[in-house]
Amino acid sequence: MIIKSLPFRGLKLIHRQALEDSRGFLSRLFCCNELSEAGWDKNIAQVNHTYTSQKGTVRGMHYQRPPNAEMKLVTCIMGEIWDVVVDLRLGSETYLEHYAVSLSSENGDALLIPEGFAHGFQALTDNVHLLYCHSAFYSSGAEGGLNLSDDTLAIDWPLSITDISDRDRSHPKIDSNFIGLSNL
C-alpha cells in the first residue's frame, strides 16, 4: 500500500498495488500494520457493502456524532465514484470545507476518512460496488447528515443527479445553529 496525505488533517489516500499473474490478481484490502501508519488505530467494528445501480446517483452526506464517531476506509471494488468528504471538526483549519477524489476498481485507490467527517459519493458509472470498513458500530441515535445541495458546502457534483433518497434530500442545510463536531 502506498499512503498519501491529503490537504485535510488525517485524511489519506490509500493506493493498493495488485499482484497480478496469468490467473488474475490479489489486492490487500486491509492491513493493520500498514494502515496504522496512516492513522487507523482502531479495530474494525463492521464492514458494509453498498451497490448503486445508476450512474449519477448521489448518496450522503452522512456522519456519526461522538461518542459514536467513526473512521471509514472506503473502497470502490466495481465501477467508479466521485467520493466527497466534509470536515465537521470544530476548530479544524478546514472546517466545513470539502475534498473530493475519484475512486474506482481500475485505480485501486481507497479513502481513509478520520472521525469528524461527513461522507458521500456520486456514481460515475452504472453498477457501482463499495466496501466500507468502519471503526465504530452504526448508531441511529448518533447519525447525522448534511444537505447535498447546501450552498455553504459548494459541492459541484460532476454529473447531473439522477437519483437521491428522500432521506438524503431532506437533510438540513447548515445554519447558525450548526455547531460541528467537537471532542475529535
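Residues considered: ASP126, ASP109, ASP87, ASP83. Of these, the only one that is under 10 Å from the mean Cα position of the chain (by Cα) and of a type in the set (Asp, Glu) is ASP83. Each residue in region 61-80 was checked for being more than 18 Å from ARG16 (Cβ to Cβ) and either among the hydrophobic types (A, V, I, L, M, F, W, C) or surrounded by fewer than 23 Cβ atoms within 10 Å (Cβ to Cβ) (or both), and 7 pass. For region 119-167, the candidate set comprises residues that are among the small types (Gly, Ala, Ser) and assigned to a loop (DSSP other than H, G, I, E, B); within that set, the residue that is farthest from THR50 (Cα to Cα) is ALA154. Count of region 168-182 residues, restricted to those that are touching a Gly at 6+ places or on another chain (Cβ under 9 Å), in a loop (DSSP other than H, G, I, E, B) and either under 18 Å from TYR51 (Cα atoms) or free of Cβ contacts under 8 Å to residues at least 40 places away in the same chain (or both), is 2. Of the listed requirements (1) outside any loop (DSSP other than H, G, I, E, B); (2) touching an Asp or Glu at 6+ places or on another chain (Cβ under 8 Å); (3) within 22 Å of GLU106 (Cβ to Cβ); (4) not aromatic (Phe, Trp, Tyr), HIS62 misses just one: (3). Check region 33-53 and report whether any residue there is surrounded by 20 or more Cβ atoms within 10 Å (Cβ to Cβ), within 27 Å of HIS171 (Cα to Cα), in contact (Cβ under 8 Å) with a residue 24 or more places away in the chain and of a type outside the set (A, V, I, L, M). For region 33-53, residues surrounded by 20 or more Cβ atoms within 10 Å (Cβ to Cβ), within 27 Å of HIS171 (Cα to Cα), in contact (Cβ under 8 Å) with a residue 24 or more places away in the chain and of a type outside the set (A, V, I, L, M): present. If you go through region 120-149 and keep only what is among the β-branched types (Val, Ile, Thr) and surrounded by fewer than 19 Cβ atoms within 10 Å (Cβ to Cβ), you end up with just THR125. Residues in region 155-168 that are over 11 Å from GLN122 (Cβ atoms) and exposed (fewer than 13 other Cβ atoms within 10 Å of the Cβ): SER165, ASP166, ARG167. Per the conditions (1) under 22 Å from ILE3 (Cα atoms); (2) over 15 Å from the mean Cα position of the chain (by Cα); (3) polar (S, T, N, Q), the sole criterion not satisfied by SER139 is (1).
Among residues of region 103-122 that are more than 13 Å from LEU181 (Cβ to Cβ), those with a beta-carbon under 7 Å from a residue that is among the small types (Gly, Ala, Ser) and crowded, with 24+ Cβ neighbours inside 10 Å at least six positions away or on a different chain give the pairs LEU103/ALA110.
Where a number appears in this text, it was derived from the coordinates with a stated rule and is not lab data. The model shown is predicted, which means the values in this text are computed figures rather than measured ones. Quick reminder, even Gly has a Cβ in these numbers, built from the backbone with ideal geometry, and neighbours come from all protein chains shown.
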